[in-house]
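Dropping the structure in here first, questions after.
The values are calculated or read from the model by the stated rules, or taken from the named source; none is laboratory data. Note that the structure is predicted; figures quoted are calculated from it, not measured. Here Cβ is always computed from backbone atoms with ideal geometry, including for glycine, and neighbour counts include all displayed protein chains. The protein model used for the area step is the full one, side chains on, heavy atoms only, and it has no ligands, DNA or RNA in it. Shrake-Rupley method; radii C 1.70, N 1.55, O 1.52, S 1.80 Å.
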Amino acid sequence: MSRQIKAVSLISGGLDSLLATKVVMDQGVHVEGINFYTGFCVEGHTHAIRKKDRAKPKRNNALWVAEKLGIKLHIIDVIDEYKDVLINPKHGYGANMNPCHDCKTFMVHKALQWIEKNDFDFIITGEVMGQRPMSQRKDTMPVIARESGAGDKLLRPLCAKHFPETLPEREGWVVRDQLLDFHGRSRKPQMALAAHYGFEDYAQPAGGCCFLTDENYSKKLVDLWQARGNKEYELDDIMLLKVGRHIRPAPNYKLIVAREEGEVNFMQGYRNRFTSIKTTSHSGPLVLVEGEANDEELNLAARITARFSAGKNAEQVELELRDKDGTATKVKVKPMSVSEMPLSWYV
Ligand code: SF4
């Protein structure tokens with residue numbers, strides 16, 4: 001009896017990886033999914049926090065894809081290893097802080113290690129030639145295959161016909177004629193194929209699959225690194241960049257101002273890590289003070305907090321400053337006026 005051929009597919013939760021996996025499964029290959037959690041993934045975080053997004057489904061799209069396909073999904077935490085990819089990308093960043101080329105190389109390399117350990121035969125990705133300016137170009141895709149070490153064990157079923165035969169094609173594990181030749185930024189071929197398979201309600205994330213493609217998020221990340229004088233970060237740092245309004249009056253500290261109830265609830269969990277400020281005489285946001293602020297700076301932070309409260313036009317607003325240990329101090333301040341807050345403070 002011939003051995004069952006096995007492949008692992010990189011599942012982001014988007015349509016492309018769903019289709020690429022299905023194309024190979026239909027050829028009788030046993031496929032399992034792999035999803036790498038970098039800490040920057042878009043899905044299931046902000047949507048779960050912000051009140052205005054509450055109506056959106058809270059599903060994890062990678063799990064949803066695996067369920068649709070009826071395959072096993074391995075979710076692998078790469079938060080620490082990913083730091084080096086983001087901090088020192090050999091091929092640089094894209095339009096924002098997205099190191100897509102190195103990120104793809106890293107993920108395919110991790111998938112290669114996984115198939116070697118688990119005795120699988122090849123790797124599938126949902127890449128489409130010409131779809132992304134950095135990692136999905138005709139010239140960069142072979143570089144990713146080479147630099148990841150995967151070489152011809154990497155099959156991209158949605159655009160395989162634009163590239164030389166890979167190992168699974170040569171070995172007859174998959175039939176090249178049943179692979180595709182998608183290219184370019186149009187999503188129409190993918191949508192037609194999804195309709196053919198009867199897939200509906202798939203995720204259609206705007207931009208990339210992670211926060212690093214987001215301009216505002218990237219600015220906050222760069223600001224964090226500049227303020228610290230190095231590019232180190234912890235998971236909590238990058239989570240907090242996803243919420244609130246960030247205001248930096250001086251390099252040594254910044255304020256994270258909750259914009260709505262969902263963010264207040266999320267940020268409550270950080271009150272034992274940061275000094276926090278809350279108005280008591282008027283309704284207002286929860287504010288976290290990140291960094292080391294002296295008394296004068298905390299007073300300024302209180303005035304900024306008052307600015308974002310219902311008492312912004314009052315003569316005086318009362319607030320509670322709570323340090324990390326839970327010691328609370330009451331202060332009364334005059335809310336800061338718009339003209340006192342330079343635009344350069346807004347990160
Ligand atoms: S968008 Fe993010 S996760 Fe996707 S390849 Fe680029 S850096 Fe990696």
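Take every Cα pair under 8 Å in the stretch 151-232 that's 6+ residues apart, average their separations, divide by the length, and report that relative contact order as a whole percent.
About 18 percent, as a whole number.
A further question follows. Let me know the volume per residue of the alpha-carbon convex hull for the stretch 191-347, in Å³.
Measuring per residue, one finds 150 Å³ for the Cα hull of the stretch 191-347.
Which value, in debye to the nearest 20, describes the size of the charge dipole of the stretch 176-243 about its Cα centre when Lys and Arg Cβ atoms bear +1, Asp and Glu Cβ atoms bear -1, and nothing else is charged?
It works out to roughly 260 debye.
Taking the Cβ of residue 145 as the centre, find all other residues whose Cβ is under 15 Å away and add up their charges (Lys, Arg: +1; Asp, Glu: -1).
+1
Compute the distance in nm between two label points, each set 7 Å from the Cα along the Cα-to-Cβ direction, one at residue 116 and one at residue 2.
A separation of 2.7 nm, rounded to one decimal place.
Moving on to the next point. Largest first and to the nearest Å, give the Cα extent of the stretch 173-255 along each principal axis.
59, 28, 22
Explain nothing, just the number: relative contact order of the chain, from Cα pairs under 8 Å at least 6 residues apart, as a whole percent.
Normalised by residue count, the contact order of the chain is 15 percent.
Mind scanning 83/324; 72/138; 138/219; 22/188; 104/254; 22/83 and naming the pairs with a C-alpha gap bigger than 21 Å?
83/324; 72/138; 138/219; 104/254; 22/83
Assuming 0.36 nm per residue, please report the length gained on full extension of the stretch residue 93 to residue 239 beyond their Cα-Cα distance.
50.5 nm
For the chain, give the magnitude of the charge dipole about the Cα centre (Cβ charges: +1 Lys/Arg, -1 Asp/Glu; no others), in debye to the nearest 20.
780
Separate question: Within straight cross-link reach of residue 332, meaning Cα distance under 16 Å, which lysines are found once same-chain residues fewer than 8 apart are removed?
Of all the lysines, those that pass the test against residue 332 - Cα under 16 Å, at least 8 places apart if same chain - are 278, 312.
Please list 259-265, 341-347, 302-308, 28-34 highest first by mean number of surrounding beta-carbon atoms within 10 Å per residue.
The peptides rank, most packed first, as 302-308, 28-34, 259-265, 341-347.
On to the next question. Which of the aspartates and glutamates could be linked to residue 220 by a straight reach, that is with a Cα gap under 16 Å, when you skip same-chain ones fewer than 8 residues away?
By straight Cα distance, residue 220 reaches 232, 234, 236, 237, 290.
May I pose another question? Testing the spin-label approximation: label points 7 Å from Cα along Cα→Cβ at residue 204 and residue 294. State their distance in nm.
With each label placed 7 Å out from Cα toward Cβ, I get 5.5 nm.
If Rh is defined by the Kirkwood formula over all Cα pairs and Rg also comes from Cα, what ratio Rg/Rh do you get for the chain?
Ratio of gyration radius to Kirkwood radius: 1.07.
Additional query: Using +1 at the C-beta of Lys and Arg and -1 at the C-beta of Asp and Glu, which of 247, 280, 42 has the Cα lying farthest in the positive direction of the dipole of the chain?
Farthest towards the positive end: 280.
So, one more: Which FRET efficiency value, to the nearest 0.05, is calculated for residue 232 and residue 195 with the Förster distance at 35 angstrom and r the Cβ-Cβ distance?
Computed FRET efficiency for residue 232 and residue 195: 0.15.
In degrees between 0 and 90, to the nearest 10, how far off the longest principal axis of the chain does helix 15-25 point, with axes built from Cα atoms?
30
Please determine, in degrees from 0 to 90 and to the nearest 10, the orientation of helix 188-197 with respect to the longest principal axis defined by the Cα atoms of the chain, where the helix direction is its Cα long axis.
Orientation of helix 188-197: about 70 degrees from the principal axis.
Just going by the charge dipole of the chain, with Lys and Arg at +1 and Asp and Glu at -1 on Cβ, which of 180, 308, 99 is farthest out on the positive end?
Checking the options against the dipole of the chain, the answer is 308.
Continuing with this model, one more query. Given the Cα-Cα distance of residue 282 and residue 26 and 0.36 nm per residue of separation, how much length would full extension add, in nm?
Difference between extended and current length: 86.0 nm.
Please compute the per residue accessible area over the chain with all protein chains in place, 1.4 Å probe, rounded to a whole number of Å².
47
Dipole size in debye (nearest 20) for the stretch 141-218 around its Cα centre, Lys and Arg Cβ +1, Asp and Glu Cβ -1?
Around 180 debye, computed over the stretch 141-218.
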